[in-house]
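Working notes, beginning with the structure itself.
The values are calculated or read from the model by the stated rules, or taken from the named source; none is laboratory data. As the structure is a computational prediction, the values presented were derived from the model and not from experiment. Note: ideal-geometry Cβ built from the backbone for every residue, glycine included; neighbour counts use all protein chains shown. All accessible areas refer to the heavy atoms of the entire protein, side chains included, with ligands and DNA or RNA removed. Shrake-Rupley method; radii C 1.70, N 1.55, O 1.52, S 1.80 Å.
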Amino acid sequence: MNAWRVVNPGVAQNRRVLNTTRLIVVGMSLCMLALLGRVVQLQLMPEPAVVARMDRTTGTANLQARRGTLLDSRGRALAVSRVGYKLFADPKLIEDPSRFALQLAHKIDDDPARIDQLIDERFDGRYVVLDPLLDQRQVEAVRAEKLRGTGLEPRLVRQYPHGAVAGQIIGFVGSEHTGLDGAEHALDEYLSGKSGSVKMLRDVRRRPLWVEREGFKPPRDGRDVRLSIDTVVQAIAERELAAACEEYQAKRGEVVVMDSRTGQLLAMANWPPMSPQEFPGADAYIRRNRTITDAYEPGSVFKPFLHAVATQRGLARPEQVIDTGTGLWFSSRGRRLRDAHPHGEVTWDDVLVVSSNIGMAKVLEPMTAQQMHDAVQQFGFGLKPGTGLPGESPGLLNPARNWTHYSLSSVPMGQEIGVTGLQLAQALSVFANEGMMVAPSVMADDANMPIFRKVLDADVAQHTRMVMRRVVTEGTGRRVNSEIYRLWGKTGTAQMARTDGGGYSPGKYTASFICGAPLLDPKIIVVVSVHEPDPSIGYYGGIVAAPVAQAVVEQTLGYLGVPSDVEDHTAPSHVVQAREVRD
């Protein structure tokens, strides 16, 4: 009998399911292995076509770094950076350029014809700049309109909150946001930041999908830098200088205000002024900070320095009588010298008070060219003051070997030498610091460690300061004998040398005044120079420049809270106003 095996139908079905599952698992495993192998192959040896397509799915975006803020000595912002937006268009996405131009112009208050022309000129391109910088209202209007074909690109914008105040000191930045002049250039390595980047994976529509940690490099913002300039003092100096230059119809003028103890430069005013926002298109002459770049013959304001040298060397005693004659004198080498007015017999101190050219030349005649050259250089003339600002000039001091016998009588009168306003301020600090000259600085932090160099004996420096006080009370500076602070200073009226070197230009003068205050404890030094005032109106230093210095001294010391050193005085209203606006 045949044996029949009875098979359960459910068991057979389970076997078929199991076998099918096994086949599916094996198939999927083979697919995964193949996919993994393809991934390895793409990582190690990608095909050129694949590489080209990979570049389209990844992108790198730059992350802008903020440029540091430039601050004044009290933390007021002189130059700041903010994010602005550039408006651009993609002509390929614009269906009707004329209608597009009309709609967009309405939103940003622009000319539709201008926008239409820009798009038409570059219709085959994908990037047309319509406005390099929109204001905030325009940005919001463009975003709200959502006009197809427009885009906003962020960019850094440098702004100057105080307008033209301290413009030549601050300088300006270029299109790449790097400093090109002034403090912006000198301090660029501190102010400049370092841009970052982010690398991301994008989909076919260029939308970000993923950012790897290794692909993110954060930006590093620039450092904030605090200058020694005080915005209020700078504004005072600029206002008073502008008033004088306009009144006397001068070509240009400069004012330097320096802390006599620390060398901190509180103000460096130039006229005509210039706003940093207008710097790139401005004339190079107006852009310069002429208090440090332009040297000129100082005239009689130079006399106190060599007067002090002669006193220290014993060439003349303070009360020694010097015969200046009738105002005409011939040197031992036959050079003829004149005084503006005959003074007759005067003491050596009075030579400075009445500003006698003859008295200075007679006393200093025994010095050799090398001795006088070295003495002048001791006061910092012929050397760069060292502020680090671009364009700083050493002035003009010829080597002693090039001096003639004329030089020995010309230099004591402030001729045959070129100085800057900053050099005069630095040299004047010798009389304020008992014979020690302080190095000028534009950095606020340098006030903690001022640098001094001995130039004169303390008693000689102090005595010279007292003689310069007499210049204000008895001599050529009588017009500016302040009722609030006891100024000590010196006037100067110098003919301007011809550019071709052929003597002096008739009718062209530099009116100057250098001073310090208060008398016994000097706090500030002020140097004023006004070039080419109209001689028919006035050109003497005591008339044109000295009143500017007086006003700057009174307002600045009042603002700084320095008490009067004159008994029984009442502070005028302009000093009170200066105090009110200091913050």
Is there a residue in region 519-538 that is over 23 Å from Glu240 (Cα atoms) and polar (S, T, N, Q)? no
Subset of region 112-141, residues open to solvent by less than 70 Å² (accessible area, probe 1.4 Å) and either under 23 Å from Met274 (Cβ atoms) or hydroxyl-bearing (Ser, Thr, Tyr) (or both), comes to Leu133
Pairs, please: C-beta under 7 Å, at least 6 apart or cross-chain, first residue farther than 11 Å from Arg148 by Cα and in region 97-108, second in a helix (DSSP H, G or I) and polar (S, T, N, Q)? Ile108/Gln138
Taking region 20-51 as the search range and keeping residues that are surrounded by 10 or more Cβ atoms within 10 Å (Cβ to Cβ) and not in a helix (DSSP H, G or I), which one is modelled with the highest pLDDT? Glu47
Could you tell me whether region 378-387 includes any residue that is in contact (Cβ under 8 Å) with a residue 40 or more places away in the chain, in contact with a Gly (Cβ under 7 Å, 6 or more places away or on another chain) and under 28 Å from His185 (Cβ atoms)? yes
Need the failing condition index for Asn402 against (1) in contact with a Pro (Cβ under 6 Å, 6 or more places away or on another chain); (2) open to solvent by 50 Å² or more (accessible area, probe 1.4 Å); (3) polar (S, T, N, Q), just the number. (1)
Being more than 34 Å from the chain's Cα centre (by Cα), small (Gly, Ala, Ser) and open to solvent by 30 Å² or more (accessible area, probe 1.4 Å) narrows it down to one of Ala164, Ala144, so name that one. Ala144
Residues within region 66-87 that are under 20 Å from Gly163 (Cβ atoms) and in a loop (DSSP other than H, G, I, E, B), tallied: 7
Could you tell me how many of the residues in region 227-239 are within 17 Å of the chain's Cα centre (by Cα) and either without any contact (Cβ under 8 Å) to a residue 24 or more places away in the chain or not in a helix (DSSP H, G or I) (or both)? 4
Subset of region 359-389, residues assigned to a helix (DSSP H, G or I) and closer than 13 Å to Ala316 by Cβ, comes to Gly359, Met360, Ala361, Lys362, Val363, Leu364
Looking only at region 374-397, decide whether some residue is of a type in the set (S, T, N, Q), in contact with a helix residue (DSSP H, G or I) (Cβ under 8 Å, 6 or more places away or on another chain) and more than 26 Å from Phe513 (Cβ to Cβ). no
In this structure, is Gln264 among the polar types (S, T, N, Q) and buried (at least 24 other Cβ atoms within 10 Å of the Cβ)? yes
Please state which of the following conditions Gln136 fails to meet, knowing it meets all the rest: (1) within 35 Å of the chain's Cα centre (by Cα); (2) within 15 Å of Pro91 (Cβ to Cβ); (3) polar (S, T, N, Q). (2)
Condition first: of a type in the set (Val, Ile, Thr) and at pLDDT below 95. Can you find one or more residues in region 279-286 that meet it? yes
Hits in region 366-395 (condition: closer than 15 Å to Ser410 by Cα and surrounded by fewer than 16 Cβ atoms within 10 Å (Cβ to Cβ)): Pro366, Thr368, Gln370, Gln371
Gln312 fails exactly one of the following numbered conditions: (1) over 23 Å from Ala439 (Cβ atoms); (2) open to solvent by 10 Å² or more (accessible area, probe 1.4 Å). What is the number of that condition? (1)
All positions within region 309-330 that are of a type in the set (S, T, N, Q), closer than 8 Å to Trp348 by Cβ and touching a residue at least 40 places away in the same chain (Cβ under 8 Å): Thr311
All strands (runs of 3 or more DSSP E) inside region 418-515 with 2 or more residues being under 15 Å from Ser300 (Cα atoms): 488-497
Please count how many residues of region 89-141 are of a type in the set (Phe, Trp, Tyr) and over 16 Å from Arg155 (Cα atoms). 2
Any hit, region 459-476, residues being open to solvent by 60 Å² or more (accessible area, probe 1.4 Å), modelled with pLDDT of 95 or more and within 27 Å of Asp230 (Cα to Cα): no
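This table checks each residue for (1) within 30 Å of Gln64 (Cα to Cα); (2) within 17 Å of the chain's Cα centre (by Cα).
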position: Asp221; (1), (2): yes, no
position: Leu241; (1), (2): no, no
position: Ala244; (1), (2): no, no
position: Met268; (1), (2): no, yes
Inspect all residues belonging to region 333-346 and state whether any of them is assigned to a helix (DSSP H, G or I), touching a Leu at 6+ places or on another chain (Cβ under 7 Å) and open to solvent by 10 Å² or more (accessible area, probe 1.4 Å). no
Failed condition for Pro450, given (1) under 26 Å from Thr262 (Cβ atoms); (2) open to solvent by 10 Å² or more (accessible area, probe 1.4 Å); (3) modelled with pLDDT of 95 or more, with all others met? (3)
If we keep only residues of region 147-161 that are of a type in the set (Lys, Arg) and under 27 Å from the mean Cα position of the chain (by Cα), then the residue farthest from Ser441 (Cα to Cα) is Arg155
